[in-house]
Amino acid sequence: MRSGNPALKESTFLDLGSGSVVSRAGETMTLNGTVSKTAILLLLTVMTAAFAWSQALTPAGELAPGFGMYVWGGAIGGFVVALVTIFKKEWAPVTAPLYALVEGFFLGAISAMYNNFFDGIVMQAVMLTFGTLFALLFAYRSGLIKATENFKLGVVAATGGIFLVYMATIVLGFFGINMPMIHENGIVGIGFSLFVIVIAALNLVLDFDFIETGVEQGAPKYMEWYGAFGLLVTLVWLYIEFLRLLSKLQSR
């Protein structure tokens, strides 16, 4: 796998089917095309996030009664659309923008909740997320970080471990059992959040490598949308983890 992100993996370009790799100019995946598609998805996400934020808070600055609808609707809807995009890559020009719109509702509502408890935390998380994105992009393009096979295996293994921990947390939560320490604001909890953020950030490097590979292999044009979608998935994860870390630090 080239990325711990389930949307971006090494086999993606191998299972597109015969005749999917094209050579005619204008019909292949390009780096500039992927960048522009990523910008479009980010803009769509911000639009619906801003709307959800305005609806999630009352004029008094408290959480509105319909707050949960945006959180769960956005989270579940985004998950479903993401699965469709992963299994039907050729639909990405339609499903990727749809994912951005739906995920924006979740991000806007959850951001409003965090900001309601910790004023200013959202702007800090946004700046840290994009700061990390550009720093990792610079490091990758300059050759300071290389996506070697051992590097990929390490990041994928760590990502899988984090996924199992979060799944265990969800399952245990149904039985009223809380995972001790790692989700609290103690030293262990803060250390765990820092570890998750590092792994999420390193996934960005693997995502850059995935997109570069698609461009080099002459993947079809719709893979620009798919590559942008996969990058957005990682950015959403990184942003949420920054919110969690900052909330732990400010609640101490």
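Before moving on, here are some points about what is shown:
- Relative contact order computed over region 10-251 (Cα-Cα under 8 Å; 6+ residues apart), in percent: 34
- For the chain, the mean residue ellipticity at 222 nm estimated from helices alone is -25000 deg cm²/dmol, where every DSSP H run of n ≥ 4 contributes -39500 (n - 2.57) and the total is divided by all residues, rounded to the nearest 500.
- Dipole size of the chain about its Cα centre, with +1 on Lys/Arg Cβ and -1 on Asp/Glu Cβ: approximately 100 debye, rounded to the nearest 20.
- Computed over neighbours whose Cβ is under 13 Å from that of Val94, the net charge equals +2, Lys and Arg +1, Asp and Glu -1.
- Among the protein heavy atoms of the chain, carbon and sulfur supply 72% of the accessible surface, probe 1.4 Å, non-protein parts ignored.
- Convex hull of Cα atoms in region 123-201, direction-averaged projection (nm²): 6.6
- The value obtained for region 83-149, namely the Cα convex hull volume divided by the number of residues, is 146 Å³ per residue.
- Available extension along the chain between Ala168 and Thr58 is 36.2 nm, counting 0.36 nm per residue and deducting the alpha carbon span.
- Region 10-251 has equivalent-ellipsoid semi-axes of 32, 22, 17 Å, by the square roots of 5 times the alpha carbon gyration tensor eigenvalues, sorted largest first.
- Trypsin sites (Lys or Arg not before Pro) restricted to region 83-170 and DSSP loop, no more than 16 other C-beta within 10 Å: Lys88, Lys146
- Rounded to the nearest 10 Å², the accessible area of Glu216 at probe 1.4 Å: 140
- Here's the list of lysines a cross-link from Lys37 could span, going by alpha-carbon distance under 26 Å and ignoring same-chain residues fewer than 8 apart: Lys9, Lys88, Lys89, Lys146, Lys152, Lys221.
- Probe 1.4 Å, protein heavy atoms only - accessible area per residue of the chain in square angstrom: 50
- A full extension of the chain between Met123 and Lys88 corresponds to an added length of 9.2 nm, given 0.36 nm per residue minus the alpha carbon distance.
The values are calculated or read from the model by the stated rules, or taken from the named source; none is laboratory data. These numbers were taken from a predicted model, which means no experiment stands behind them. Here the Cβ is made from the backbone with ideal geometry for all residues, glycine too, and neighbour counts use every protein chain on show. Just so you know, the surface numbers come from the protein's heavy atoms only, side chains and all, with ligands and any DNA or RNA stripped out. Shrake-Rupley method; radii C 1.70, N 1.55, O 1.52, S 1.80 Å.
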